[in-house]
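For reference, the structure discussed in these notes is given below.
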Amino acid sequence: MQQIADAAGVSTTTVSHTISGKRPVNPATAARVRQLIEQFEYVPNSGAVRLQSGRSGVIALAVPDIAHWYFGRIARGVELAADAADYGLIVCSTVNADPRREKRYVNLLRTRAADGLVYTTSRSNADIDDLVRHARTAPLVFADEAVPSLSEVPSVSSTLAEGARAAAAHLAALGHTRAVVIAGYPSLASTVERRDAFREFFPRALTLYGDFEHESGYAIVSDLLANGVTFTCIFAHNDLMALGAIRRLREEGLRVPEDVSVVGFDDVDVASLVSPGLTTVRKDLVETGRQAGKLLIAQLEGESEVESVVLPVELIVRETTAPVAG
C-alpha cells in the first residue's frame, strides 16, 4: 500500500479509504489511486482487512455432498450471488450432517474466516438446533429447505406441495387410481410436504422411502414386483429414483408409459435426454442458490428485514406418462 501511496503522492490512509469506499475521497485522486492499484496489481492483505473491518469478505456454503450434481447446482447459484457482490465463497461438505465437520465449519464463523453461512440440510434436521445455537453470532440462511422449527432463520425453498399436486392431478386426469410414491428421507419436511399433497388426489397411495439415488428407485420397484403389488403409476421425489424405477420396470418387461406411468421431480439434464423423456416437476436449483446467497449478503450489508423466498415449480410433461391401460 505504501508503494501505491508514494506513486500517487497521497497518504496510505487515502489509499485505504479509496479501496474500502467508507470515507469520501476526491474523485480525481481516487481515480489516480485505482489506476495505480491496477497497474501494480495490488491485492489488499486479507488479514489486515479482517482486522480493520471485522469482516473477511467471504461467505461459506455447507452442503451434504460437494460432489453431488444437485448441490453443485445450488453452489453455482450461491457463487453467482457472491461474485455479484464481490464476496469470496468457501464450499464445505458436511457428509450428511457429520457433527465433527459441521463444528469445523461453524468455527469459520467464530474465527471470522467467513462472515456468514448458507446451509443446505441433509437427510435429517435433528442437529440443526445445535448448528444454529453455535452460529448465533453470524448470519445464517437455509437453502433448498426451510426448517419449520427455526422459522426465524431466512430460507429459500420451492413450492413443493404445488409440484406434487400438479403431478397427482396430471396422473389422475389420465385415469390412474393405483399409485406408488417413492419418497425421500422421511425426516425431511420436504418429503412430508410432497407426500401429503400427493395424497390429496391419491389417498391410498403406497409410500415407500428411498435415499434420492438411482439404486433406491430400482430396489423399491424390485420389492414391489417381488411382492405382487399392482400399480399403474409412480411418483418419485427426484428424477434419479424415477429413472431407477424405470430401469427395473423395463427389466420386468413392463412398458413406460403404456403399462406404468412415471413422474419424477427436479428436471435434471438427463430427464430430457433419456427415451422416453421423463415427465417431471422442474425446480430451479441455481436460482435457489443465488437467492440464498443474496439473502445472506443482504444481512451482511445491514438490511434489518430479510424475508424468506419461495420459488415456483413447474410440471414438465414428456413421454413417461399416458392414459391408464384398458
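Annotations
- Any hit, region 211-219, residues being polar (S, T, N, Q) and either farther than 23 Å from GLU162 by Cα or under 21 Å from the mean Cα position of the chain (by Cα) (or both): yes
- Pair list, Cβ under 7 Å, 6 or more apart: region 212-225 residue in the same structural domain as ASP267 (by TED's automatic domain parsing) and of a type in the set (Gly, Ala, Ser), other residue in a loop (DSSP other than H, G, I, E, B) and buried (at least 16 other Cβ atoms within 10 Å of the Cβ): SER216/GLY210; GLY217/GLY210
- Sole residue being at pLDDT 95 or above and surrounded by 19 or more Cβ atoms within 10 Å (Cβ to Cβ), chosen from ALA138, ALA226, ALA168: ALA168
- Criterion applied to TYR119, TYR105, TYR70 was being under 20 Å from ASP266 (Cα atoms) and either at pLDDT below 85 or in a strand (DSSP E or B) (or both), and the one residue passing it is TYR119.
- Only one of the numbered conditions (1) of a type in the set (A, V, I, L, M, F, W, C); (2) assigned to a strand (DSSP E or B); (3) more than 28 Å from the chain's Cα centre (by Cα) is not met by VAL256, and that is (2).
- Taken residue by residue, region 230-238 has at least one member that is over 17 Å from ARG255 (Cα atoms), in a loop (DSSP other than H, G, I, E, B) and in the same structural domain as GLU258 (by TED's automatic domain parsing).
- Selection within region 168-210 - touching a strand residue (DSSP E or B) at 6+ places or on another chain (Cβ under 6 Å) and among the charged types (D, E, K, R): ARG195
- Within region 241-268, the set of residues being at pLDDT 95 or above, among the hydrophobic types (A, V, I, L, M, F, W, C) and touching a helix residue (DSSP H, G or I) at 6+ places or on another chain (Cβ under 7 Å) comprises MET241, ALA242, LEU243, ALA245, LEU249, VAL256, VAL260, VAL262, VAL263, PHE265.
Okay, residues lined up against (1) surrounded by fewer than 16 Cβ atoms within 10 Å (Cβ to Cβ); (2) among the aromatic types (Phe, Trp, Tyr):
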residue: HIS176; (1), (2): no, no
residue: ASP196; (1), (2): yes, no
residue: PHE202; (1), (2): no, yes
residue: MET241; (1), (2): no, no
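- Contact map, region 298-311: residues that are part of a loop (DSSP other than H, G, I, E, B) paired with residues that are of a type outside the set (A, V, I, L, M), Cβ distance under 6 Å, separation 6+ or inter-chain. Pairs shown: VAL306/PRO154; VAL306/GLN299; SER308/PRO154; SER308/SER155.
- Restricting GLU252, GLU319 to residues that are surrounded by fewer than 17 Cβ atoms within 10 Å (Cβ to Cβ), acidic (Asp, Glu), under 19 Å from ALA164 (Cα atoms) and outside the structural domain of TYR87 (by TED's automatic domain parsing) narrows the list to GLU319.
- Residues that are touching an Asp or Glu at 6+ places or on another chain (Cβ under 8 Å) and assigned to a loop (DSSP other than H, G, I, E, B) were ranked within region 269-297; the one that is modelled with the lowest pLDDT is SER275.
- In region 75-87 there is no residue matching the filter, namely being at pLDDT 60 or above, farther than 27 Å from ASP269 by Cβ and either in contact with an Asp or Glu (Cβ under 6 Å, 6 or more places away or on another chain) or assigned to a helix (DSSP H, G or I) (or both).
The values are calculated or read from the model by the stated rules, or taken from the named source; none is laboratory data. What you see is a predicted model; the values in this text were computed from it and never measured. Neighbour counts run over all protein chains shown; Cβ positions are idealised from the backbone, glycine included.
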